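Asker: I have a structure here, written as structure tokens, and I will follow up with some questions on it.
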Amino acid sequence: MKKFYIETFGCQMNAHDSEKVVGTLLEKGYQQVDEVENAELVLYNTCSIRDKAEQKVFYRLQQFKREAGKGKIFGVLGCVAQQEGERIFERAPHVSLVAGSASYTKLPEMLIQLEAGNRRVTGLSLDTTDTFDTPFTSRDNPHRAYITIIEGCDKSCAYCVVPFTRGPERSRTSESVLREARSLAESGYSEVQLLGQNVNSYRDPSPASWDFARLLDETGKIDGLKRVRFTTSHPRDFGKSIVDAIDENEALCNHVHLPVQSGSDSVLERMQRSYSRAEYMRRIEWMKKARRDIAITTDIIVGFPGETDAEFNETLRLINEVEYESMFIFKYSKRPNTPALQYEDQIPEEEKTRRFNLLQEQQRSIQLRRNAGYVGKREQVHVEGYNRATNQWIGRTSQHKTLNFTAADLPAPDSDKTLTGKYLDILVTRAGPNSLAGESVFE
Ligand code: SAM
Ligand code: SF4
């Protein structure tokens, strides 16, 4: 039996792609191992969203170069593979396979070529209408499962490599998504997360032609599914019907990740984001007016080329207005092939760091204030595991907050499986900037 090792970098889409790649390999008779040293095939599923992420894979390839001499086969998958293509063979000659995510449906054929001794196998075409649907997905978590509903991206944000690395938008049929969700529920999964680079740009290619809100709502009606999440939503395609669906269907988690990137209209325009600050704020208003308390989170890029102090201050103002539950802040990183690469007036690294710190500080005080508001409330958590260092269980609320808790009335956990996967009501007793703490409530 051939042994393989895989390491995954980057977003949830990559994590889920790896689950499908692993499933395909297991089905072909391979066996997964935890150490590069014990593998015959070593795969890296890579991310190239920022320069730092891209460098990680080249560092890894360098780190294990000596292992190639022992007959191991190395493969680079995902976004760096798509972006760098055959250049990877020049930079790391011990690599034998370079394949982007749009070619994963051809993985079995590529494996045959590798097994036949071909040392330059590529899967780099973006010209596809296929999505990588496989019945062999090997899921890492027994309670929460990812479901890809749309692949690729048809937007063209000036800073972003995704349209070049993941190809054009392709939605799965609503029927195949629901079939997968039902079969997950039947096999014991209680939480699913619908995935897409822009999950809400979903358009059912079948005659049913559902939009995203309909697909979300129907998924939330499946027996056995207690929680349905989705990420990432693009503001332009975020309709009020999504908020209405969340309001009407308790199984849909009351959390929306809606990346704004900047609070300044002029920066949004230079970023080619295709919405204005006012349009974005209208969507925030829908959520603030909803019956359920919807947690809103976001992504921000600081130091986009030409961003002035006044433009950056617009972002600080927007953050105060929205009061996000949490956010990811990124320093702008120059990416190959993107229009912003040619923009003049790149912001110096120290200035990006200054803005990053200012934003982080302001957001930290917002989070402290917001989280303090949960103290004294009861929240339902889905238990994710046990932290032996702190002697606390780790739970996740519907709003996607981490709620660490103790359960005094229960026997001390012998293994972290005792409560993992269960849903419990927790009384929030303390709050920090990044998490809540509490005690389980027994009626
Ligand atoms: N499709 C989603 C959207 O449009 O909001 C975002 C997907 S992208 C994989 C995740 C995040 O990476 C983006 O929201 C953006 O904040 C960040 N990002 C993308 N390109 C970047 C770059 N060149 N430099 C810094 N951050 C970047
Ligand atoms: Fe990148 Fe923009 Fe597509 Fe999001 S919408 S993946 S930021 S190009």
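The values are calculated or read from the model by the stated rules, or taken from the named source; none is laboratory data. Keep in mind that this is a model prediction, so the values were computed, not measured. With ideal geometry, Cβ positions are generated from the backbone for all residues, glycine too; neighbour counts draw on all protein chains shown. Note: accessible area is taken over every heavy atom of the protein model, side chains too, but ligands, DNA and RNA are not part of it. Shrake-Rupley method; radii C 1.70, N 1.55, O 1.52, S 1.80 Å.
Asker: Would you mind giving the three semi-axes, in whole Å and largest first, of the ellipsoid equivalent to region 1-98 according to its Cα gyration tensor?
Answerer: 20, 17, 11
Asker: If you average the C-alpha positions of region 195-254 and of region 42-109 separately, how far apart do those two centres end up, in angstrom?
Answerer: 34 Å
Asker: Moving to a separate point now. Can you list the residues, at least 5 places off or on another chain, whose amide H is less than 5 Å from the amide H of Ile347, using H built in the peptide plane?
Answerer: Long-range HN contacts for Ile347: Gly306.
Asker: Same structure again: Given the -39500 (n - 2.57) contribution per DSSP H run of 4+ residues, what per-residue ellipticity at 222 nm results for the chain, rounded to the nearest 500 deg cm²/dmol?
Answerer: The helix contribution divided over the chain gives -9500 deg cm²/dmol.
Asker: So what is the diffusion coefficient of region 172-217 in µm² per second by Stokes-Einstein at 37 °C and 0.692 mPa s, using a Kirkwood Rh over Cα pairs? Before the final figure, lay out each step's value.
Answerer: Numbers: Rh = 11.2 Å.
Roughly 294 µm²/s, to the nearest whole number.
Asker: Karplus couplings for region 304-318 from phi (6.51 cos²θ - 1.76 cosθ + 1.60, θ = phi - 60°), rounded to Hz, Gly and Pro as x?
Answerer: Listing the rounded values in order: 4, x, x, 5, 8, 4, 5, 5, 5, 4, 4, 5, 4, 5, 4 Hz.
Asker: Can you tell me what percent of all Cα-Cα pairs in region 93-242 are more than 20 Å apart?
Answerer: 55 percent
Asker: Name the long-range amide H neighbours of Lys3: under 5 Å, sequence gap of 5 or more, or other chain; modelled H, no Pro or chain starts.
Answerer: Here the answer is Gln31, Glu40, Leu41, since their amide H atoms fall under 5 Å of that of Lys3.
Asker: Step through the residues of region 428-437 one at a time and calculate ³J(HN,Hα) from phi using the Karplus curve (6.51 cos²θ - 1.76 cosθ + 1.60, θ = phi - 60°), rounding each to whole Hz and writing x for Gly and Pro.
Answerer: Calculated HN-Hα couplings, in order: 6, 10, 9, 9, x, x, 10, 7, 10, 10 Hz.
Asker: Using a 1.4 Å probe over the heavy atoms of the protein chains, calculate the carbon and sulfur portion of the accessible area of the chain as a whole percent.
Answerer: Ligands and nucleic acids excluded, carbon and sulfur reach 47 percent.
Asker: Related question: What ³J(HN,Hα) values, in whole Hz, does the Karplus curve 6.51 cos²θ - 1.76 cosθ + 1.60 give for region 36-41 when θ = phi - 60°, with x put for Gly and Pro?
Answerer: Taking θ as phi minus 60°, the curve returns 3, 4, 8, 9, 9, 10 Hz for region 36-41.
Asker: Bin by bin, in steps of 10 Å, what percent of the Cα pairs in region 215-297 do you find, going until the bin that has the longest distance?
Answerer: Using 10 Å bins, I get a P(r) of 17, 47, 25, 9, 1 for region 215-297.
Asker: Cα-Cα over 27 Å: which of Lys20/Lys72; Lys155/Lys352; Lys226/Lys401; Lys288/Lys401; Lys20/Lys331; Lys240/Lys422?
Answerer: Over 27 Å Cα-Cα: Lys20/Lys331; Lys240/Lys422.
Asker: Also, I was wondering about something else. Leaving out ligands and nucleic acids, and using a 1.4 Å probe, what accessible area per residue does region 208-304 come to in Å²?
Answerer: In whole numbers, region 208-304 has 36 Å² accessible per residue.
Asker: Can you give me the distance in nm between label points at Arg87 and Glu37, each placed 7 Å from the Cα along the Cα-to-Cβ direction?
Answerer: Once both label points are built, they end up 3.5 nm from each other.
Asker: Still on this structure: Quick check on region 276-421: take the gyration tensor over C-alpha atoms, sort the square-rooted eigenvalues as a ≥ b ≥ c, and tell me if it's rounded (a/c under 1.5), prolate or oblate.
Answerer: prolate
Asker: Same structure again: Please find the FRET efficiency linking Leu368 to Ser266, where r is the Cβ-Cβ separation and R0 is fixed at 35 Å, and quote it to the nearest 0.05.
Answerer: Approximately 0.65, to the nearest 0.05.
Asker: Ok, one more. For region 145-174, list residues with backbone N below 14 Å from a point placed 7 Å from the Cα of Leu126 toward its Cβ?
Answerer: Answer for this model: 152-170.
Asker: Here's a follow-up. Along the principal axes of its C-alpha atoms, what lengths does the chain span, in descending order and rounded to whole Å?
Answerer: Answer, in whole Å and largest first: 63, 59, 51 Å.
Asker: Which whole-number percentage describes the relative contact order of the chain, with Cα contacts under 8 Å and a sequence gap of 6 or more?
Answerer: 10 percent
Asker: Still on this structure, I have one more. Taking H as built 1.01 Å from N, whose amide H comes closer than 5 Å to the amide H of Gly395, not counting residues under 5 places away?
Answerer: Counting only residues 5 or more places away or on other chains, the set is Glu384, Leu403, Asn404, Phe405.
Asker: If you don't mind, another one. Between Ala116 and Glu186, how high is the FRET efficiency from 1/(1 + (r/R0)^6) when r is the Cβ-Cβ distance and R₀ = 41 Å? Nearest 0.05.
Answerer: 0.55
Asker: Could you sort the peptides 242-248, 28-34 by per-residue average Cβ neighbour count (10 Å cutoff), highest mean leading?
Answerer: The packing order, highest mean first, is 242-248, 28-34.
Asker: Still on this structure, please answer the following. I want the antiparallel fraction of DSSP beta bridges within the chain, as a percent rounded to 5.
Answerer: If I count the DSSP bridges inside the chain, around 35 percent turn out antiparallel.
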